[in-house]
1. So what is the accessible area of region 402-535 per residue, in Å², with the probe set to 1.4 Å?
2. Sort out for me the Cα centre separation of region 213-250 from region 62-86, rounded to whole Å.
3. Is the shape of region 371-464 rounded, prolate or oblate, going by the alpha carbon gyration tensor and its root eigenvalues a ≥ b ≥ c, with a/c under 1.5 for rounded and a/b larger than b/c for prolate?
4. Could you rank the peptides 307-318, 87-98, 519-530 by their average count of other C-beta atoms within 10 Å per residue, with the highest value first?
5. Once neighbouring chains are kept in place and the probe is 1.4 Å, which whole percent of the accessible area of the chain is contributed by carbon and sulfur?
6. Step through the residues of region 313-319 one at a time and calculate ³J(HN,Hα) from phi using the Karplus curve (6.51 cos²θ - 1.76 cosθ + 1.60, θ = phi - 60°), rounding each to whole Hz and writing x for Gly and Pro.
7. Can you give me the Cα centroid spacing of region 5-22 and region 491-529 in angstrom?
8. Calculate for the chain the 222 nm mean residue ellipticity that helices alone would give, adding -39,500 (n - 2.57) per DSSP H run of length 4 or more and normalising by residue count, nearest 500 deg cm²/dmol.
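The values are calculated or read from the model by the stated rules, or taken from the named source; none is laboratory data. Keep in mind it's a predicted model, so treat the numbers as computed, not measured. In this analysis, Cβ positions are derived from the backbone assuming ideal geometry, glycine residues included, and neighbour counts consider all displayed protein chains. Surface accessibility is based on the protein's heavy atoms, side chains included, excluding ligands, DNA and RNA. Shrake-Rupley method; radii C 1.70, N 1.55, O 1.52, S 1.80 Å.
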Amino acid sequence: MATGSRFFLGFDCSTQGLAATVLEAAEKRRQVVFAHTVEFDRDCAHYHTRNGVWRSGNEVTSPPLMWAEALDRMMGILARQRSFDLRRVKAISGCGQQHGSVYLNPSAAAVWRSLDPDHELAAQLESTLSRDRSPVWLDETTRAQCDAIDAALGGAAAVKRLTGSAATERFTGPQIRKFHELDPGRYDATDRVHLVSSYLASLLAGRHAPIDPGDGAGMNLMNISSCQWATRALAATAPGLRARLPDIQDSWTIIGTLSPYWITRYGFPAAQIVAWTGDNPSSLVGAGLVSEGHLGISLGTSDTVFAFSRGLPDPSFASHVFGSPTGGYMGLVCFKNGSLAREAVRDRYEPASSGRDGDPSRREWEGFSRALRETSPGNHGAMMLPWFEPEITPRVPAAGVHRSNLDPADASANVRAVIEAQMMALANHSEGLSGGGCARIVATGGASANREILQVMADVFDTRVFRSAEGNAACLGAALRAFHAHELSHGRALEWTEVVDGVTDPPLETRVTQVTAHVAVYRDLRKRYAQFESEHAPVRSPLL
Ligand code: ADP
Ligand code: XUL
């Protein structure tokens, strides 16, 4: 630890866990000095979530108190470790899984102000909720509400022009509309609706935090041109909604300082709290994708592909346009069958694979990686549509795995089939984003640790792939955003290229280069895959 070092904390409250990254900023260099994840299923087991969520029929929710408890645990862990000086933490920011919403009654702000530092956070927050569960991005039970919103606002294309996306099942607006329709009493009792990101920022600051344009764009409620609430969209969603929403403010807004609860409970200083954003917008920063011409691909619970755009892009850029937390915009395409589909194939064929080294995450995936190494690109014509659960892109309302020339009993071929399908779907549905060419892809998220998967990605996209400097780019992005906002508040307006320079550069040894012969195979196969997909997914995702 260099003398004079300052520290910046970034959090990522994603589907399966809450991660933290600590960035050290010394005179001459910045580096990550600590990273840790609290896993919801394992570390907050008494909520009985599976992969961080509760499923009831098609409804997918998470307990907001679990996120609060994970934050409390993480703050305790940060306070106890010795790899940085807690007293020198200057600013804290974060990001959250997008679209999920938290419903609070009027008591929340007063309770946050008077929290007892001798007691755990979650138990003290129970009385603040007007709804004990939060709908999350995996929930797709709002088709009727999406149709109603599209109709009220002049159709899906008009909604996309206004808010950056057609009305979308997992987005917050349709979820709020459903809540109001099914439970008007509890909607009336709701004083404030937060996103996961703005909720956790509020818990740190002890006051209602704003929503930023990165995460705000994932609600079907924000005017994508002005980055302010779209009055017509609010009216098409639920009565009295404006009064229930926080303001939208720039992503670099300093909301306040860490509330006394954290200072007394764990010995933190009164660090600045910077507005939080969505996990995908945050990944843009953490992967260093702050200029145009590059693609980011996150292989987490969801798979997403995204790119930065300086100006408001044409609607054909991507199925969703969000604000970028650096200013400007980002396009994004999201796939629901990401890690959980990969795990379903792994667990079916490799229930107890054993590896060569002691790292449990590598051991778990060793058999899967071996299958990729031992099978050939193109899979001898075998293909899979890996819709282990309903899919977002293309829109597939009911789960169903389809196989073509693929023997369900052939373990290795099924492993290759799921990865080829995912990579071809990512490439086919993101053609607008890459504009027909991209200099490089930066991969992030849990599965980006898997080199064999990245090889298929490089071959399918016909470009070089690097792994982001930190496996969790979203979390690093949050720490970098805390640094940027802190500097700005002290009169130092850094360019974003300066902010990410030297910290997000993907390590050269992670580079995976496409193989010419494989590229040729996939050029043809991508067309066949698109055909196979359209036979089983009658509704194409609207680019509009
Ligand atoms: P999220 O942020 O959406 O909660 P992460 O980005 O942390 O998810 O990714 C977690 C997932 O990464 C795990 O569920 C696991 O399936 C996957 N994963 C971890 N290591 C590997 C690996 N070596 N190969 C493939 N997948 C992996
Ligand atoms: C993006 C999306 C997911 C979540 C979860 O639109 O729904 O990527 O942000 O990570």
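1. 39 Å²
2. One Cα centre to the other: 30 Å.
3. oblate
4. Top of the packing list down: 87-98, 307-318, 519-530.
5. With neighbouring chains kept in place, the figure for the chain is 49 percent.
6. x, 4, x, 6, 4, 6, 5
7. 24 Å
8. -10500 deg cm²/dmol
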